[in-house]
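Data block below; observations after.
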Amino acid sequence: MTLPAPEIRSYRLDPAAFEPTTKRRIYRRYAVAVPILAVFLVAQFAFMARLHVATSDTLRIAIPVIVALLGFSLFRAAGLQLKNGKSSWDSYQLTVGPNVLRRFIANLPPVEILRTEVTQIVESRAEGITVMTADRHRFLFVPKELVGFEEVRAGLSTWRGFDAPKVVRTQAIGAGWSILLIGSWIATGVVPDMRLAMLAGVVLLATAAFTMREISKLGVADSRQKAATVGGLALLMLAPFARLVLHFVFKTDVQWPR
């Protein structure tokens, strides 16, 4: 007697759901990033205004220009995500077997997770399901926009129970990490005491280097996204070296108003 072969099925994302889903994710990301950036900019401008009275007149011109540039940059970044993300969305393919999941996306390395490797399955009703392994960099996300999502969900529910996402904890860690990164960058340039400024610089270098390492290991971002993010972090990491050049070469130091 010949036993039937295990059923293996493939699934793709709903093409019509790409634009509304991408826009929703962009808005949610900006809702966290923009307020944090605004707080740091206001603090920086306030410090500059106090540092020298003459800068107040300059800031009246500089602030609208900077805000306009940042607004344009955010708008352009959102447009590029809508443009470049379409190919990844259309190429997404999830193959499900009795004991294995395989995900393929163009320009990204394929991901395969065996049933025995799964350590946790997290379900967000608004987004989808994340299948996790002992390696935090190796996971597989199943969006709810998948055609046949409920069928895949039912199959995964036999693997292990679903856990609720820790949204507040995740957002708090992300916000805290951003504050640490940007705060140490600003402190490197504005703290008068060189020793404290360099301590902030060490924190900046360590934080940025760790972030680069984590980004390089992510399997959910293509090489262009990784390169752009790493490039931005590399620019931030120049701050302590610029401060040292100003101090030792040009004999220039920051002086706070008394």
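Tabulated data for the structure shown
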quantity: Residue pairs meeting the criteria (Cβ under 8 Å; at least 6 apart or on separate chains; first within 13 Å of A175 (Cβ to Cβ), in segment 21-43; second surrounded by fewer than 14 Cβ atoms within 10 Å (Cβ to Cβ) and at pLDDT 85 or above); calculated: I36/I179
quantity: Unmet requirement for V96, which otherwise passes all of (1) modelled with pLDDT under 90; (2) touching a helix residue (DSSP H, G or I) at 6+ places or on another chain (Cβ under 7 Å); calculated: (1)
quantity: Residue list for segment 221-238, filter: in contact (Cβ under 8 Å) with a residue 60 or more places away in the chain and of a type outside the set (G, A, S); calculated: D222, R224
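Residues are listed down the side, and each one gets a yes or a no for (1) within 18 Å of the chain's Cα centre (by Cα); (2) in a loop (DSSP other than H, G, I, E, B); (3) in contact (Cβ under 8 Å) with a residue 12 or more places away in the chain:
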{"position": "T130", "(1), (2), (3)": "yes, no, yes"}
{"position": "D135", "(1), (2), (3)": "no, yes, no"}
{"position": "R153", "(1), (2), (3)": "no, no, yes"}
{"position": "P165", "(1), (2), (3)": "yes, yes, yes"}
{"position": "R169", "(1), (2), (3)": "yes, no, no"}
{"position": "I173", "(1), (2), (3)": "yes, no, no"}
{"position": "G183", "(1), (2), (3)": "yes, no, yes"}
{"position": "A187", "(1), (2), (3)": "no, no, yes"}
{"position": "A200", "(1), (2), (3)": "no, no, yes"}
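The values are calculated or read from the model by the stated rules, or taken from the named source; none is laboratory data. These numbers come from a predicted model, not from an experiment. Cβ sites come from the backbone with ideal geometry, for glycine too, and all protein chains shown count toward neighbours.
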